[in-house]
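Comments concern the structure below.
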Amino acid sequence: MLALLKLLQDGQFHSGEALGGALGISRSAVWKKLQGLERELGVEIFKVPGRGYRLSSPMSLLDADLIAQASGRVGWPVSLVTTIDSTNAEVFRRLERGVKAPFVLLAECQTAGRGRRGRVWVSPFAENLYCSLVLRVDGGMSQVEALSLTVGLAVARALKTLGVAAVGLKWPNDVLWEGRKLSGILLELAGDPADVCHVVIGIGINVNMPVEATVSIDQPWTSLRQCLGGSVDRNQLAIELLQQLHIHLERHWQGGFAALREEWEALHVWRGRTVSLTAGQNTIVGAVLGVDVRGGIRLAVEGREQVFSGGELSLRLQHDS
Ligand code: BTN
């Protein structure tokens with residue numbers, strides 16, 4: 001189906017005969033595939049007798065070969081799927097089948113994108129970036145400490161390079177613009193932390209998120225289209241993302257998060273603000289002092305500094321902050 005969509009992505013008319021010829025299939029097989037595109041991916045296709053088929057508007061699809069080539073010395077194999085439940089979930093399945101890390105998986109659409117703390121990550125077709133990178137972890141779990149903050153920094157750098165000047169970071173790894181979420185990161189471990197273990201780094205970036213897809217999002221969100229007031233080449237974004245991940249992960253493996261902490265703090269949007277930190281049933285109110293070298297959040301609670309860490313914690317601004 002993706003091959004057919006690639007032929008149509010320019011938004012111009014293509015005859016059934018030309019499409020069939022390019023794909024080596026009959027005109028009726030083209031017709032069936034077009035119906036599949038409409039049904040399964042929600043793509044709108046116009047059919048005009050005598051002229052053929054065209055998309056309601058041009059579309060820019062991801063190109064795994066282009067991304068792999070242009071991300072140069074990064075050297076991670078990149079594959080692309082049209083639609084999947086979750087790129088993180090698919091990476092787990094590939095690891096179980098014996099696929100060797102590192103590798104990158106991109107999807108044009110996720111039907112059950114996973115967010116942090118059990119949330120759903122809204123993932124409409126061909127609008128945003130959904131990416132999972134899996135790495136083998138050698139050298140113990142201390143390597144993974146604060147990794148999600150490092151990944152957040154890499155995402156923020158990629159977005160800055162593409163022109164999002166006022167990008168900010170919210171602990172532990174939300175990427176914000178004007179207080180709204182632009183990107184989310186979900187790290188998951190696969191395997192036995194005491195033995196062979198992999199970390200799956202899932203990254204979602206809102207690029208052209210259509211408003212009608214967002215009814216179920218329960219937090220302020222934004223997209224690159226909104227930040228930049230125009231469209232963004234998703235292939236360029238994927239290339240920049242992989243390059244920045246490579247640079248920042250290398251630095252993390254060599255010097256730990258300590259080597260990146262100052263840069264992270266420079267983008268930290270809630271420093272000095274009063275927040276409530278929720279851990280299960282417990283809520284703690286404090287003023288944000290910063291992050292420590294192990295990636296924990298430092299809060300001043302009743303005049304005393306306390307450090308908190310852990311994937312299930314969530315931070316919210318106090319209204320009067
Ligand atoms: C968050 O809740 O902030 C984390 C969102 C992470 C979403 C990405 S999209 C690619 C990867 N696959 C998933 O299912 N989730 C992550």
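A few points about this structure:
- Residue count for region 155-207, restricted to those that are farther than 21 Å from Arg114 by Cβ and part of a loop (DSSP other than H, G, I, E, B): 11.
- Of all residues in region 212-245, those being under 15 Å from the mean Cα position of the chain (by Cα) and in a helix (DSSP H, G or I) number 13.
- Output for region 3-50, where each listed residue is among the aliphatic types (A, V, I, L, M) and closer than 21 Å to Pro210 by Cα: Leu5, Leu8, Leu37, Leu41, Val43, Ile45
- Residue count for region 74-94 under the criterion of being out of contact with any helix residue (DSSP H, G or I) (no Cβ under 7 Å at 6 or more places or on another chain), open to solvent by less than 30 Å² (accessible area, probe 1.4 Å) and more than 13 Å from Ala64 (Cβ to Cβ): the result is 5.
- Restricting region 112-150 to residues that are touching a Phe, Trp or Tyr at 6+ places or on another chain (Cβ under 8 Å) and of a type in the set (Val, Ile, Thr), the residue that is nearest to Val232 (Cα to Cα): Thr150
- Flag if Gly286 is at negative phi and outside the structural domain of Asp138 (by TED's automatic domain parsing): yes
The values are calculated or read from the model by the stated rules, or taken from the named source; none is laboratory data. Everything quoted here is computed from the prediction, not taken from an experiment. Heads up, the Cβs are rebuilt from the backbone with ideal geometry, glycines too, and the neighbour counts pull from every protein chain shown. Accessible surface areas use protein heavy atoms only, side chains included; no ligands, DNA or RNA. Shrake-Rupley method; radii C 1.70, N 1.55, O 1.52, S 1.80 Å.
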